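Take a look at the structure set out below.
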């Protein structure tokens, strides 16, 4: 697979490294001098193409007609939109992915500008942070389907509602599947009649609703009130 | 008419003032409040601080009722994206995008937008005045790819036909000849007199060739 990346900031450089590790063919287009010297320290020379990523002659020179995907990850939203539009309209690139810098501009990142997938960085990050706060001890291992579903890990605390209940009785079915139970370091694949014990660790695949339900079942019975910190006089 | 101007740089400020003086309802949008200082003191249209790509900013600018929108920031991609959104999503009847960097004019054209290349056009006009001061441009088509020039016939070409002058030239047509205040559609066989004013529809290359031909010694 051949991927073009427009924009060599942190996101673009990181993406290029990830894809190169997966043995993709990658070309990254950047024209800002100060970034180019940094990029040359991080990436192989043949990956970096110096030019303005919105210039159609640059896109053509870097091989956009053979590319399978165009990732527009510059820090300029109008640039990312225009590149996606040109990639599809002029060069028939099968898949376009664009980064949203300002959440107020997110409404434009769809078929209006031939964007197949948009990633709203502030939104994704804000939701991740919100989840980390509300789910207490639950840890998100990774996200699937652009953050809709997550694979989570959680330890069963003393006094949790779920202790001793068979999984099939837990009423999680639609939103959450418990995929593994780790007890004393040994992992087992659970069945409907399996039960949880204190200090088990579980791994589950869950939607946001499912993760919320699961966290209720595994919660400490009472959230202790805090009176921490000294007054600053 | 209700008109929206996105970008209040030199071009945006001048355009907004002209439209306002023309009796239109003008809303000028810029992300930087300071930019509105460029507006003429007599300007009484609306100013709106905000990003031209934000849905709520376009709504507040009245894009749903707008008869026309001009995107005249100094970012070609921003102009293209705002203009494309206005035209395809809000169906604004008339939309114009300014082209700032001549190298990026193809981008605006790829969106199929009406564009004015102010940088390219300005540079070409200055070049014309520097290099061919005797040619006066009387009409400019498109972005100046074709212009109609006015030039006078020198002594050396008096008594010769229009065909003799024009035939070897490409990209260059005589569209009118004015003699003693009366103009006519010229026939190729017309005999020129010194002092005739000829209007020439021509590219820049065409008028350059004509200029050197007129200035050259009359060929035998």
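Residues are listed down the side, and each one gets a yes or a no for (1) within 30 Å of residue B:101 (Cα to Cα); (2) modelled with pLDDT of 90 or more; (3) surrounded by 17 or more Cβ atoms within 10 Å (Cβ to Cβ):
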site	(1), (2), (3)
B:140	yes, no, no
B:145	yes, no, no
B:152	no, no, no
B:168	no, no, no
B:183	no, no, no
B:187	no, no, no
B:192	no, yes, yes
TODO: Test residue A:59 against the criterion of being buried (at least 16 other Cβ atoms within 10 Å of the Cβ), within 14 Å of chain B (Cβ to nearest Cβ) and part of a helix (DSSP H, G or I), and give yes or no.
DONE: yes
Open item on the list: Given the criterion crowded, with 18+ Cβ neighbours inside 10 Å, free of Cβ contacts under 8 Å to residues at least 60 places away in the same chain and under 20 Å from the mean Cα position of the chain (by Cα), identify the matching residue among A:86, A:15.
Closed with: A:15
TODO: Given the conditions (1) in a helix (DSSP H, G or I); (2) touching a strand residue (DSSP E or B) at 6+ places or on another chain (Cβ under 7 Å), report the number of the one that residue B:150 does not fulfil.
DONE: (1)
Open item on the list: I'm trying to understand the selection: among the residues of region B:2-48, which are under 22 Å from the mean Cα position of the chain (by Cα) and surrounded by fewer than 18 Cβ atoms within 10 Å (Cβ to Cβ)?
Closed with: B:9, B:10, B:14, B:18, B:21, B:22, B:24
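Check region B:70-79 and report whether any residue there is without any contact (Cβ under 8 Å) to a residue 12 or more places away in the chain, crowded, with 16+ Cβ neighbours inside 10 Å and within 14 Å of chain A (Cβ to nearest Cβ).
To start, the set of residues in region B:70-79 that are without any contact (Cβ under 8 Å) to a residue 12 or more places away in the chain comprises none.
No: zero hits.
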- [ ] Name the strands (runs of 3 or more DSSP E) wholly inside region A:75-184 in which the number of residues that are more than 22 Å from residue A:4 (Cα to Cα) is 1 or more.
- [x] A:139-144, A:149-155, A:176-183
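Restricting to region B:83-106, name every residue that is facing chain A (nearest Cβ under 8 Å) and farther than 22 Å from residue B:142 by Cβ.
Initial filter on region B:83-106 (facing chain A (nearest Cβ under 8 Å)): B:84-85, B:88-89, B:103-104, B:106.
Across region B:83-106, the qualifying residues are B:85, B:88, B:89.
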Open item on the list: Between B:62, B:45, which is in contact (Cβ under 8 Å) with a residue 40 or more places away in the chain and more than 30 Å from residue A:74 (Cβ to Cβ)?
Closed with: B:62
Task: Those residues of region A:89-128 which are touching a residue at least 12 places away in the same chain (Cβ under 8 Å), crowded, with 16+ Cβ neighbours inside 10 Å and within 12 Å of chain B (Cβ to nearest Cβ), in sequence order - done: A:90, A:91, A:98, A:100, A:101, A:105, A:106, A:108, A:109, A:113, A:114, A:115
- [ ] Evaluate region B:39-52: report whether one residue or more is under 21 Å from residue A:115 (Cβ atoms), within 14 Å of chain A (Cβ to nearest Cβ) and touching a strand residue (DSSP E or B) at 6+ places or on another chain (Cβ under 7 Å).
- [x] yes
Open item on the list: I'd like to verify a number: residues in region A:68-83 that are more than 12 Å from chain B (Cβ to nearest Cβ) and surrounded by fewer than 22 Cβ atoms within 10 Å (Cβ to Cβ), how many?
Closed with: 3
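Run down A:209, A:225 and say which single residue is surrounded by fewer than 18 Cβ atoms within 10 Å (Cβ to Cβ), without any contact (Cβ under 8 Å) to a residue 40 or more places away in the chain and part of a loop (DSSP other than H, G, I, E, B). Steps first, answer last, please.
Working: A:209 fails: part of a loop (DSSP other than H, G, I, E, B).
Unique residue meeting the criteria: A:225.
The values are calculated or read from the model by the stated rules, or taken from the named source; none is laboratory data. The structure presented is a predicted model; accordingly, all values stated were derived computationally and were not measured. In this analysis, Cβ positions are derived from the backbone assuming ideal geometry, glycine residues included, and neighbour counts consider all displayed protein chains.
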